[in-house]
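Enquirer: To start, I am sharing the structure in question, which I have written as structure tokens.
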Amino acid sequence: MEKLYEGKAKVLYPEGKDTLRVYFKDEATAFNAQKRGVIPGKGAVNNQVSARLFAFLEAHGVPTHFVRTLSEREMEVLKVEIIPLEVILRYRVAGSFAKRYGLPEGKPLDPPLLEFSLKDDALGDPLICENAALALGIVDGKTLEEVKRLALRTGELLRGFFQERGLELVDFKLEFGKKDGQVLLADEISPDTMRLWDVNTGERMDKDRFRRDLGGVEEAYQEVLRRVLKG
């Protein structure tokens, strides 16, 4: 099957008339692809976690591009026009936010902080404010408000979902697309795109284990999958 696009973590293939097949890879990158490696089984974990979470969100009124699971590491999704913004929702100080402001990790953010970055690898996905996104024509006002509404609703739902499974959602990144004028949650929702800390131990259960050479990366991903599929 001829691939349409290959990114850092996924490969896209044509599937149906209005759908794509997404293949999740084991390759891992960090720091804008300056660090590279392989996490055995990561693709299968991210596919299954994403599928479970997309289905959960759909059941609670958040529209997504997810259609169905095709295999252990493949899913079918709707073709959408990706909005070139990465949406980051932060509940605690962590990662680049802590570094940016010279703060220790862990401090709660009240209210939660919603940030945007321009989806452009060549520029390093720079932060962009809402007014700049509007002024540059990257997104229109109505679409931006819907993106914000869906991001906050997604965060609310996922925090409860993970809390029931002994995990705290510290922050996460989302991407959205449009199909027939409707804004849909797209891309993936996985340990690659969020920070998850064990509620009891504070142990990091996400891509930070790869970023920071903490070890046990494969085991952490498998444990997140086990908890996500539980119940």
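The values are calculated or read from the model by the stated rules, or taken from the named source; none is laboratory data. Computed from a predicted model, the values in this text were never measured in an experiment. Cβ sites come from the backbone with ideal geometry, for glycine too, and all protein chains shown count toward neighbours.
Enquirer: Select from region 176-217 the residues that are charged (D, E, K, R), on the phi > 0 side of the Ramachandran plot and at pLDDT 95 or above and write down the one among them that is surrounded by the fewest Cβ atoms within 10 Å (Cβ to Cβ).
Expert: Checked region 176-217; the qualifying residue surrounded by the fewest Cβ atoms within 10 Å (Cβ to Cβ) is Asp180.
Enquirer: Same structure again: Among the residues of region 39-59, how many are at pLDDT below 95 and surrounded by fewer than 14 Cβ atoms within 10 Å (Cβ to Cβ)?
Expert: The total comes to 1.
Enquirer: With respect to Phe176, is the statement that it is closer than 23 Å to Glu203 by Cβ and touching a residue at least 60 places away in the same chain (Cβ under 8 Å) true?
Expert: No, not satisfied.
Enquirer: Being over 21 Å from Arg68 (Cα atoms) and of a type in the set (Asp, Glu) is the filter here, so list the residues in region 1-33 that pass it.
Expert: The answer is Glu27, and nothing else.
Enquirer: For region 86-142, what are the residues that are under 23 Å from Gly155 (Cα atoms) and among the small types (Gly, Ala, Ser)?
Expert: Of everything in region 86-142, those that are under 23 Å from Gly155 (Cα atoms) and among the small types (Gly, Ala, Ser) turn out to be Ala94, Gly95, Ser96, Ala98, Gly106, Ser117, Ala133, Gly141.
Enquirer: Still on this structure: Where in region 140-229 are the helices (runs of 4 or more DSSP H), entirely inside, with at least 1 residues that are among the aliphatic types (A, V, I, L, M) and within 20 Å of Val87 (Cβ to Cβ)?
Expert: 141-163
Enquirer: Can you tell which of Leu136, Leu167 is aliphatic (A, V, I, L, M), within 27 Å of Lys8 (Cβ to Cβ) and surrounded by fewer than 18 Cβ atoms within 10 Å (Cβ to Cβ)?
Expert: Answer to the check: Leu136.
Enquirer: Considering region 153-171 alone, what residues qualify as being aromatic (Phe, Trp, Tyr) and within 13 Å of Met205 (Cα to Cα)?
Expert: Phe162
Enquirer: Another question about this same structure. Can you tell me which of (1) surrounded by 18 or more Cβ atoms within 10 Å (Cβ to Cβ); (2) touching a Ser or Thr at 6+ places or on another chain (Cβ under 7 Å); (3) in the same structural domain as Lys10 (by TED's automatic domain parsing) is the one Ile128 doesn't meet?
Expert: Here Ile128 meets the rest and fails (3).
Enquirer: When you scan region 54-101, how many residues do you find that are closer than 20 Å to Val183 by Cβ, of a type in the set (Phe, Trp, Tyr) and either in contact with a Lys or Arg (Cβ under 7 Å, 6 or more places away or on another chain) or free of Cβ contacts under 8 Å to residues at least 24 places away in the same chain (or both)?
Expert: 1
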